[in-house]
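The values are calculated or read from the model by the stated rules, or taken from the named source; none is laboratory data. Please read these numbers as outputs of a predicted model, since none were measured by experiment. Positions of Cβ are generated from backbone atoms using ideal geometry, with glycine treated the same way; all protein chains shown enter the neighbour counts. We work out accessible area using only protein heavy atoms, side chains counted, and drop any ligands, DNA or RNA first. Shrake-Rupley method; radii C 1.70, N 1.55, O 1.52, S 1.80 Å.
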Amino acid sequence: MKTIWKFSLAKSLDVPMPRGATIVSVQLQEGFGLCIWAIVDSEAEQRTRHFVQVGTGHPIAEYLEYVGTWQELPFVWHLFEDFAKP
């Protein structure tokens, strides 16, 4: 069944998610810190996805894929998925 799940990145940027999850938003949520919301198949097998936080103006490795941006004043951060990490 397809539904939207929230995944907190407050403790780790390595996140178990159902295979094929489609990320739809990245935001700070009070009480939870940085979170990802994704459309998932709740019956799909889990796999760990790896993310990297990059500040504006910092270099981005070629193997990173953009996910989203959020503000944590005075900074603006960008989340990328790391496809080089197994």
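Here segment 65-84 is the region considered, the condition is being farther than 17 Å from Thr22 by Cα, surrounded by fewer than 13 Cβ atoms within 10 Å (Cβ to Cβ) and of a type outside the set (Asp, Glu), and the residue that is farthest from the chain's Cα centre (by Cα) is Pro74. Just the residues that are within 12 Å of the chain's Cα centre (by Cα) and surrounded by fewer than 12 Cβ atoms within 10 Å (Cβ to Cβ), please, taken from segment 40-64. Thr48 - this is the single residue of segment 40-64 that is within 12 Å of the chain's Cα centre (by Cα) and surrounded by fewer than 12 Cβ atoms within 10 Å (Cβ to Cβ).
Checking the structure you have, find out if any residue of segment 38-54 is touching a Pro at 6+ places or on another chain (Cβ under 6 Å), of a type in the set (A, V, I, L, M, F, W, C) and within 12 Å of Phe7 (Cα to Cα). Yes: segment 38-54 contains one or more residues that are touching a Pro at 6+ places or on another chain (Cβ under 6 Å), of a type in the set (A, V, I, L, M, F, W, C) and within 12 Å of Phe7 (Cα to Cα).
For segment 22-39, filtered to residues that are farther than 16 Å from His78 by Cα and of a type in the set (A, V, I, L, M), the residue that is most open to solvent (accessible area, probe 1.4 Å) is Ile39. Got at least one residue in segment 9-21 being touching a Pro at 6+ places or on another chain (Cβ under 7 Å) and open to solvent by 60 Å² or more (accessible area, probe 1.4 Å)? No; the residues of segment 9-21 include none that is touching a Pro at 6+ places or on another chain (Cβ under 7 Å) and open to solvent by 60 Å² or more (accessible area, probe 1.4 Å).
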